[in-house]
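Peer 1: Could you have a look at this structure, given as structure tokens, before my questions?
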Amino acid sequence: MTARLFAVIIGLSTVPIVVADLLQAPSDAPQPATGSPTPTAKPVATAAPRPPVVLTDEARRIHAAALLFDGHNDLPGEIRSKGDSSFDKLDISKPQPQLQTDIPRLKQGGLGAQFWSAYVPSSTIKTGGATRYGLEQIDLVHRMVRRYPDAFELALTADDIVRIRASGKIASLIGVEGGHAIENSLGVLRTFHDLGVRYITLTHSDTLDWADSATDEARHGGLTEFGEQVVLEMNRRGMLVDISHVSADTMRDVLRVTRSPVIASHSSAYALAEHPRNVPDDILREIKPNGGVIMVNFYSGFVDAQSAIISREAQIRSRELRATEKDEAAVDEAMKKWFDDHPRPRGTVHTVVDHIDHIVKVAGIDHVGIGSDFDGVDLLPEQLEDVSCFPYITQELLNRGYSEPDIHKILGANALRALRQAESVARDWKN
């Protein structure tokens, strides 16, 4: 697993530890204070295995008719790390088994619109260059769209998404993952918008000067005054505020301040898998009046209850190690060994749809979507191994009695509506 994947899954820290310590039995060290719910490491009952989902012609028809709008795919980061940011070295028009995403499988999966992640490592907070890194990843998405014009077209508005989807191409949007990329500058935020960015994930793994992260020590109790300015500036520009990765207190502050619907581009339900990256029920209840959308993450560590417990422990251990160990290869090797000794259940497509079910029950059918996190995670549920597998979600929703209109909402109509509402708020602001 790459250092990028470890950073996404388990975060960074400030407590000393040595590699040898990491390879020992699980620690009783407490989780960092985050302003998020305190996990309870209770035993997880093992449910009877559920049978594989079998695709039917009816599900295929419903899936093909829907707009499938995925909130988060980390392919640009993988192109950078595995292909030196070169589509000559990593040509996604051809099958790429080392990835979870390529154009042939995108077509099989029926993607209509995709937020491509311009991920910026939290390490750039200390090393510098966060804005440059973000600009390079934004540029990479633009180059990808130009390189494969028969597959992709850049979308800047909800109307663009509808038009591009109707043409048979994948509407390609840009989301910046990590608010540290603006380097505390509203001018940089505005520049990102001008370059096509339509959401910013307020934090990544580390707490910022202006917002608390879900996986770091809380310093502000949510947003600072500048953090509130960031949210309002995004509202003013018609950008979606992404509350994935932030602490629960930051989520609450965002919902208090924002004038537009928010999204969680790749998060699941905390009530089913107690990981701080997931969204607690009190926030889900507030999403409904806000008009926002929780886009369910497929990562096993965020959807399977037992995997969430293991992933929380891994988060603590990785953060402790990275505080003193500067050799990324040593960190990777230590964590690989730790995960080998602590295998995580993968879950199945059923597990992911359980999270959709829960969010529907708490927030409502209009407030849930899909945020796969493909090519950003190392462990995925059975029947959701790559981007070709999206139809299994549709089939399982159909199996559970969801109507065709409601399935369309979950697959993408809800996210499209939220973006359209954010655009409307921005227009009214200017008037």
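Peer 1: Check 134, 178, 221, 168 and return the single one that is free of Cβ contacts under 8 Å to residues at least 12 places away in the same chain and not hydroxyl-bearing (Ser, Thr, Tyr).
Peer 2: 168
Peer 1: Okay, next question. Give me the pairs, please: first residue somewhere in segment 344-362 and touching a residue at least 24 places away in the same chain (Cβ under 8 Å), second residue anywhere and of a type in the set (Asp, Glu) and assigned to a helix (DSSP H, G or I), beta-carbon distance under 7 Å, and either six or more positions apart or on two chains.
Peer 2: Partner pairs satisfying both residue conditions: 349/396; 350/396; 353/396; 362/281.
Peer 1: With buried (at least 21 other Cβ atoms within 10 Å of the Cβ), over 19 Å from the mean Cα position of the chain (by Cα) and among the hydrophobic types (A, V, I, L, M, F, W, C) as the only criterion, which of 195, 189, 240 stands out?
Peer 2: Values: 195 fails: buried (at least 21 other Cβ atoms within 10 Å of the Cβ); 240 fails: over 19 Å from the mean Cα position of the chain (by Cα).
Matching residue, one of 195, 189, 240: 189.
Peer 1: Among the candidates 424, 403, which residue alone is closer than 30 Å to residue 55 by Cα, surrounded by fewer than 22 Cβ atoms within 10 Å (Cβ to Cβ) and out of contact with any helix residue (DSSP H, G or I) (no Cβ under 9 Å at 6 or more places or on another chain)?
Peer 2: On the way: 424 fails: closer than 30 Å to residue 55 by Cα.
The match here is 403.
Peer 1: Moving on to the next point. Find the residue count for segment 63-77, including only residues that are part of a helix (DSSP H, G or I) and either within 17 Å of residue 296 (Cα to Cα) or not small (Gly, Ala, Ser) (or both).
Peer 2: Residues of segment 63-77 that are part of a helix (DSSP H, G or I), as a first pass: 63-65, 75-77.
When the remaining residues are screened for being either within 17 Å of residue 296 (Cα to Cα) or not small (Gly, Ala, Ser) (or both), the result is 63, 75-76.
Summing the residues that are part of a helix (DSSP H, G or I) and either within 17 Å of residue 296 (Cα to Cα) or not small (Gly, Ala, Ser) (or both) in segment 63-77 gives 3.
Peer 1: Answer yes or no: is there a residue in segment 166-182 that is polar (S, T, N, Q), modelled with pLDDT of 95 or more and out of contact with any Asp or Glu (no Cβ under 8 Å at 6 or more places or on another chain).
Peer 2: no
Peer 1: Go through segment 141-168 and report how many residues are within 22 Å of residue 421 (Cα to Cα), aliphatic (A, V, I, L, M), surrounded by 16 or more Cβ atoms within 10 Å (Cβ to Cβ) and over 22 Å from the mean Cα position of the chain (by Cα).
Peer 2: Residues in segment 141-168 being within 22 Å of residue 421 (Cα to Cα), aliphatic (A, V, I, L, M), surrounded by 16 or more Cβ atoms within 10 Å (Cβ to Cβ) and over 22 Å from the mean Cα position of the chain (by Cα): 2 in total.
Peer 1: Being modelled with pLDDT of 95 or more, crowded, with 22+ Cβ neighbours inside 10 Å and touching a Leu at 6+ places or on another chain (Cβ under 9 Å) narrows it down to one residue among 362, 377, 353; which is it?
Peer 2: Numbers: 362 fails: crowded, with 22+ Cβ neighbours inside 10 Å; 377 fails: crowded, with 22+ Cβ neighbours inside 10 Å.
The conditions single out 353.
Peer 1: Only residues in segment 89-116 that are more than 16 Å from residue 389 (Cβ to Cβ) and in contact (Cβ under 8 Å) with a residue 24 or more places away in the chain count as the first member; pair them with residues that are of a type in the set (Asp, Glu) and buried (at least 20 other Cβ atoms within 10 Å of the Cβ), Cβ under 6 angstrom, at least 6 apart or cross-chain, and list the lot.
Peer 2: 92/102
Peer 1: Take segment 266-278 and flag every residue that is surrounded by 24 or more Cβ atoms within 10 Å (Cβ to Cβ) and either on the phi > 0 side of the Ramachandran plot or touching a residue at least 40 places away in the same chain (Cβ under 8 Å) (or both). It would help to see each step written out before you state the result.
Peer 2: Going through segment 266-278, the residues surrounded by 24 or more Cβ atoms within 10 Å (Cβ to Cβ) turn out to be 266-270, 273, 275-278.
Hits for segment 266-278 are 266, 267, 268, 269, 270, 273, 275, 276, 277.
Peer 1: If residue 136 passes every condition in (1) exposed (fewer than 15 other Cβ atoms within 10 Å of the Cβ); (2) modelled with pLDDT of 95 or more but one, which one does it miss?
Peer 2: (1)
Peer 1: Please name all residue pairs, on different chains or six or more residues apart, with Cβ atoms under 6 Å, provided the first residue is in segment 139-162 and is of a type in the set (A, V, I, L, M, F, W, C) and the second residue is part of a helix (DSSP H, G or I) and surrounded by fewer than 18 Cβ atoms within 10 Å (Cβ to Cβ).
Peer 2: Cβ pairs passing all conditions: 158/420.
Conditions tested, residue by residue: (1) hydroxyl-bearing (Ser, Thr, Tyr); (2) modelled with pLDDT under 90; (3) over 18 Å from the mean Cα position of the chain (by Cα).
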site: 297; (1), (2), (3): no, no, no
site: 300; (1), (2), (3): yes, no, no
site: 309; (1), (2), (3): no, no, yes
site: 343; (1), (2), (3): no, no, yes
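Peer 1: Checking residue 416 against (1) of a type in the set (A, V, I, L, M, F, W, C); (2) free of Cβ contacts under 8 Å to residues at least 24 places away in the same chain; (3) in contact with a strand residue (DSSP E or B) (Cβ under 7 Å, 6 or more places away or on another chain): exactly one of these is not met. Which one?
Peer 2: (2)
Peer 1: Moving on. What number of residues within segment 224-265 satisfy the criterion of being among the polar types (S, T, N, Q) and free of Cβ contacts under 8 Å to residues at least 60 places away in the same chain?
Peer 2: Initially, segment 224-265 is screened for residues among the polar types (S, T, N, Q), giving 224, 229, 235, 244, 247, 250, 258, 260, 265.
Filter once more, keeping what is free of Cβ contacts under 8 Å to residues at least 60 places away in the same chain: 224, 229, 258.
Total meeting the criteria: 3.
The values are calculated or read from the model by the stated rules, or taken from the named source; none is laboratory data. Remember, it's a predicted structure, so these values are computed and weren't measured experimentally. Every residue, glycine among them, receives a Cβ derived from its backbone with ideal geometry; neighbour counts consider all protein chains shown.
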